[in-house]
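Below: one structure, written as structure tokens.
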Amino acid sequence: MVRAALIIAAIVDVALAVLMVAVSGFMFGSGPESMHGGSLFLTTYVAGVIACVAAPVVGINLSRRGKPAPGVIITWVPAAGALVTMMLPPPY
């Protein structure tokens, strides 16, 4: 059961990282559709992508070392953070 939760969470985290990289041009590009995001937004965006990639690695390592519950929780944090972020009202 723990292994299935880790595998599903890893797939979700990698898919979220791919989505974030795919839409980054709309946030930081120079085209007319771009938001022209600032440096603080860029920093938090890069931290989010890194978290999406690092969370499954940390979670799987914790699970292998005999701590499956914290491993599953850490692996699901980026997906939960993305859901919470989608519920926030727009800043404009």
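The values are calculated or read from the model by the stated rules, or taken from the named source; none is laboratory data. It should be emphasised that the depicted structure is a prediction, and the values quoted were computed from it without experimental measurement. Every residue, glycine among them, receives a Cβ derived from its backbone with ideal geometry; neighbour counts consider all protein chains shown.
Only a single item in (1) over 16 Å from V2 (Cβ atoms); (2) surrounded by 10 or more Cβ atoms within 10 Å (Cβ to Cβ); (3) touching a helix residue (DSSP H, G or I) at 6+ places or on another chain (Cβ under 7 Å) is not met by A80, and it is number (3).
For segment 9-39, give me the residue count where each residue is among the aliphatic types (A, V, I, L, M), in a helix (DSSP H, G or I) and farther than 19 Å from V84 by Cβ. Within segment 9-39, residues that are among the aliphatic types (A, V, I, L, M), in a helix (DSSP H, G or I) and farther than 19 Å from V84 by Cβ number 6. Within segment 6-38, track down each residue that is more than 18 Å from A54 (Cβ to Cβ) and among the aliphatic types (A, V, I, L, M). A22, V23, M27, M35, listed by residue number. Taking the criterion of being of a type outside the set (A, V, I, L, M, F, W, C) and in contact with a Cys (Cβ under 7 Å, 6 or more places away or on another chain), the only residue of segment 7-24 that qualifies is D13. Within segment 23-82, the set of residues being more than 16 Å from A9 (Cβ to Cβ) and of a type in the set (S, T, N, Q) comprises S24, S30, S34, S39, T43, T44.
Taken over segment 58-77, residues that are assigned to a helix (DSSP H, G or I) and either basic (K, R) or surrounded by fewer than 14 Cβ atoms within 10 Å (Cβ to Cβ) (or both) amount to 4. Is it the case that some residue within segment 33-48 is surrounded by 11 or more Cβ atoms within 10 Å (Cβ to Cβ), closer than 14 Å to W76 by Cα, at pLDDT below 95 and of a type outside the set (A, V, I, L, M, F, W, C)? Yes, segment 33-48 has at least one match.
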